[in-house]
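The values are calculated or read from the model by the stated rules, or taken from the named source; none is laboratory data. Predicted model only: the values in this text are computed from it and were never measured. We place every Cβ from the backbone using ideal geometry, glycine too, and count neighbours over all the protein chains shown. Please note that ligands, DNA and RNA were not included when accessible areas were found on the heavy atoms of the full protein model with its side chains. Shrake-Rupley method; radii C 1.70, N 1.55, O 1.52, S 1.80 Å.
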Amino acid sequence: MRHVLIATVGRHDLLDSLRAIAPASTTFLAERGLEAILERLGRSARLDAVVTDDPEVLMEIYHEIPGAIPVYLARPDEDAASVLAGLDALTSED
């Protein structure tokens, strides 16, 4: 089972789109707002990765929690299938 935090700023439909195409073994959680995102990361030992559409969120995660969790930065025009493929590549154990 993989737990992924979706921390979007502008792409609020991304969570539902990813849930629709991802394997059932992936659980997606949503959080909005930088402080809420960092708080969730700080108290959730079970998160395996983060997907965000905001470079500022990416930089703050790396600043506050360096090297602790993989973060995928989704492009504004990137479809959910491409985001999922990028996430899979980022979190694969090979």
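Return the loop-located trypsin sites (Lys or Arg not before Pro) in the range 1-67 (DSSP other than H, G, I, E, B) with at most 13 other Cβ atoms within 10 Å of their own Cβ; answer none if there are none.
For trypsin sites (Lys or Arg not before Pro) across the range 1-67 that sit outside H, G, I, E and B with at most 13 neighbouring Cβ atoms in 10 Å, the list reads Arg32, Arg46.
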Once both labels are modelled 7 Å past Cα along the beta-carbon direction, what's the Asp48-Leu90 spacing in nm? 1.4 nm
Dipole moment magnitude, nearest 20 debye, the chain about Cα centre, only Lys, Arg, Asp, Glu C-beta charged: 320 debye
How charged is the neighbourhood of Ser82? Take every other residue with its Cβ under 12 Å from the Cβ of Ser82, and add Lys/Arg as +1 and Asp/Glu as -1. -3
Mind grabbing the accessible area of Thr27 for me, 1.4 Å probe, Å², rounded to tens? 40 Å²
Percent of Cα pairs exceeding the 22 Å cut-off, where the set is the chain: 18 percent
Gain on full stretching of the segment that runs from Phe28 to Glu64 - 0.36 nm per residue minus C-alpha separation: 10.8 nm
³J(HN,Hα) computed for each position of the range 70-86 - Karplus, 6.51 cos²θ - 1.76 cosθ + 1.60, integer Hz, glycine/proline x: x, 10, 9, 9, 7, 6, x, 9, 7, 7, 4, 5, 5, 4, 4, 5, x
Diffing the range 10-24: the Karplus 3J(HN,Hα) column from phi (6.51, -1.76, 1.60, θ = phi - 60°), in whole Hz with x for Gly and Pro, holds x, 10, 5, 7, 4, 4, 5, 5, 5, 4, 5, 10, 7, x, 4
List the residues, sorted by chain then number, that are 5 or more residues from Tyr72 or on another chain and whose placed amide H is less than 5 Å from its amide H. Val50, Val51, Thr52
